Amino acid sequence: MKKVFWFIALSGLVLGFIIHIISLLGIYVGEYFPIWLLHLGIFVVWIPAVIELKKDPALFDRKALMNKEPFYFFKAILKDVPKFVPVLCIVLFIYTGFNFALFIFSSLEGSPDIIDGKYVLENHGTLIRELSEVEYFKLRANEIRGFSGHWMVFYSLSMGILWPKDRMSNNNNNTQQRV
């Protein structure tokens, strides 16, 4: 069953990346793809990932974790996976911080909405201005870009935590036996 959740996490990561790239181009995919599935999918894979982490009590020794290097936790939860997985997770974690800051900065004026059949920009219920259809969909794409960065972090961490380790250990054993 763990491999099924791993595959869902991998699929979510790939879809999140594709949607992120498309939204960076200013294209809103929400009309063509049910975005809410990727929101829901995070819980589908994150809950089994947390359950998997709870099997390792060493991860919850706060004193040991406090005296380690900044990214030790990533290395600890992503042990026994290929080296690119922790690197990918760390890069996505840092990128998501920048991406979210950019999203917040670009959304300061308000949020796109449709009121009385008109595309508008509003801020907490206050109408800021009317938008063209192109502006509306670019702003909606910006919202998706903000979400998709977070999707990629959660899906990549889940993928790493749920990595099919039996395959990795078999490969390591076979490699050691050959040498």
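No value in this document is a laboratory result; all are computed from the given coordinates. No experiment lies behind these values; they were computed from the predicted model shown. Ideal geometry is used to build each Cβ from the backbone, glycine not excepted, and the neighbour counts take in all protein chains shown.
For the chain, what does the relative contact order come out to in percent, with C-alpha contacts under 8 Å and a separation of six or more?
39
Projected onto the charge dipole of segment 2-163 (+1 at Lys/Arg Cβ, -1 at Asp/Glu Cβ, origin at the Cα centre), which of VAL29, PRO82, VAL134 gives the Cα projection farthest towards the positive end?
Most positive-ward Cα: PRO82.
At q = 0.11, 0.18 Å⁻¹, what is the log10 ratio I(q)/I(0) for the chain, with the Debye formula run over Cα points and no solvent?
Once normalised to I(0) and log-transformed, intensities are -0.60, -1.15.
Only four residue types carry charge here, +1 at the Cβ of Lys and Arg and -1 at the Cβ of Asp and Glu. Report the dipole size of the chain about the Cα centre in Debye, rounded to the nearest 20.
Around 1180 debye, computed over the chain.
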